[in-house]
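Beneath this line is the structure, given in structure tokens, with notes to follow.
The values are calculated or read from the model by the stated rules, or taken from the named source; none is laboratory data. None of these values were measured; they are calculated from a predicted model. Glycine also receives a Cβ, built like all others from the backbone with ideal geometry; neighbour counts cover every protein chain displayed. Accessible surface areas use protein heavy atoms only, side chains included; no ligands, DNA or RNA. Shrake-Rupley method; radii C 1.70, N 1.55, O 1.52, S 1.80 Å.
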Amino acid sequence: MRLAVDAWTPTEFEAQLRAKGRAYHIHHPFNVRMNAGGCTPDEIRCWVANRFYYQVCIPRKDAAILANMPDREHRRLWVERILDHDGQGDHQGPNAGGIEAWTRLGEAVGIPRAELLSLQRVVPGVRFACDAYVNFAARAPWQEAVCSSLTEMFAPQIHKDRLASWPQHYPWIEAEGLGYFRSRIPLASRDVEHGLRVTLAHFTTREQQQRALEILQFKLDILWTMLDAIEKASCE
């Protein structure tokens with residue numbers, strides 16, 4: 001007979017979730033080398049072109065989660081994520097959205113806009129990983145899909161690292177192209193507050209909390225697998 005294990009308190013559970021940052025792709029060898037200035041222009045372009053597919057998939061993932069949300073108050077908050085990437089209002093300047101900002105990053109590293117938008121540079125491993133994430137978001141209970149988004153807890157630091165190191169190591173990249181990294185720092189913090197609130201409220205037994213950690217690890221594996229595929233592609 002298996003004995004029941006007490007649930008973590010919300011504070012303990014959040015600490016367990018945040019501890020998963022040890023597996024965040026900020027520690028991937030390719031990312032470490034990139035931030036240390038060890039990548040060639042072709043490797044930077046390979047990374048930008050492939051990560052663009054992830055940017056394209058983010059609003060699709062968020063729309064899938066939104067479609068499964070029965071509560072209007074949560075939908076009102078979640079829809080902001082789609083607008084953040086697809087753009088809103090006049091779609092100019094700060095309203096252009098994250099996909100446009102990443103497109104400008106592509107241009108800044110020397111990838112023509114049409115080439116980036118064609119997705120012709122996306123390698124199978126990256127496409128498979130991103131599609132798996134979108135499919136998970138569409139089929140999982142919406143609270144589980146929300147939990148998977150909590151890799152945003154670790155994102156501000158990776159963006160800060162790029163803003164600090166890229167101008168020094170890659171002066172050939174046009175500075176205006178780094179706007180995506182700058183814009184995501186406050187948005188990630190906002191998104192984490194909502195995602196954590198949902199996760200802490202929904203996963204309340206130890207079994208459920210362990211499931212949440214597994215879900216977060218799944219998303220961390222998606223991001224790590226993408227860099228594995230990018231690193232391999234850039235070396236060929």
Checklist entry - Between PRO70, TYR133, PHE13, whose Cα lies farthest towards the positive end of the dipole of the chain when Lys and Arg beta carbons carry +1 and Asp and Glu beta carbons carry -1, centred on the Cα centre? => result PHE13
Item to check | Those aspartates and glutamates that a straight Cα-Cα span of less than 20 Å connects to LYS20, excepting residues fewer than 8 apart in one chain | outcome: GLU12, GLU144, GLU152, ASP161, ASP191, GLU193, GLU207, GLU214, ASP221, ASP228
Next on the checklist: Per DSSP helix of 4 or more residues, -39500 (n - 2.57); summed, then divided by the residues of the chain. What does that give at 222 nm, rounded to the nearest 500?
Outcome noted: -23000 deg cm²/dmol
Checklist outcome for this item: HN-Hα couplings for the stretch 19-29 via Karplus (6.51, -1.76, 1.60; θ = phi - 60°), in whole Hz with x for Gly/Pro, come out as 5, 5, x, 4, 9, 5, 6, 4, 8, 5, x
Item to check | With all protein chains modelled, accessible area of TRP142 [1.4 Å, Å²] | outcome: 40 Å²
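Taking every pair of alpha-carbon atoms in the stretch 95-157, give the share separated by more than 19 Å as a whole percent. Write down the numbers at each step before the final one.
Details: 1058 of 1953 pairs.
Of all Cα-Cα pairs in the stretch 95-157, 54 percent lie more than 19 Å apart.
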Checklist entry - Label points 7 Å out from Cα along the Cβ direction at ALA114 and PHE128: separation in nm? => result 3.2 nm
Next on the checklist: So I have [x] 14.0; [y] 11.9; [z] 13.3, and one of them is mean projected area of the Cα convex hull in nm² calculated from this model. Which one is it?
Outcome noted: [x]
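How would the stretch 160-236 be classified by its alpha-carbon gyration tensor: rounded, prolate or oblate, with rounded meaning a/c under 1.5 and the a/b versus b/c comparison settling the rest? List each step's numbers first, then the result.
Values: a/c = 4.36, a/b = 1.66, b/c = 2.63.
Oblate.
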Checklist outcome for this item: Descending accessible area (1.4 Å probe), largest on the left, turns ASP131, ASP84, ASP42 into ASP42, ASP131, ASP84
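Once fully extended, how much extra length lies between GLN208 and LYS160, figured as 0.36 nm per residue of separation less the alpha-carbon to alpha-carbon distance? All intermediate terms of the calculation are to be shown ahead of the outcome.
Values: separation 48, 0.36 × 48 = 17.28 nm, distance 3.29 nm.
Difference between extended and current length: 14.0 nm.
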Item to check | Prolate/oblate/rounded label for the stretch 1-92 (Cα gyration tensor, a/c 1.5) | outcome: oblate
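Report relative contact order for the stretch 10-235 in percent, whole number only (criteria: Cα-Cα under 8 Å, sequence separation at least 6). Kindly include the intermediate steps, with their values, before the conclusion.
On the way: 268 pairs, mean separation 73.3, N = 226.
It comes to 32 percent, rounded to a whole number.
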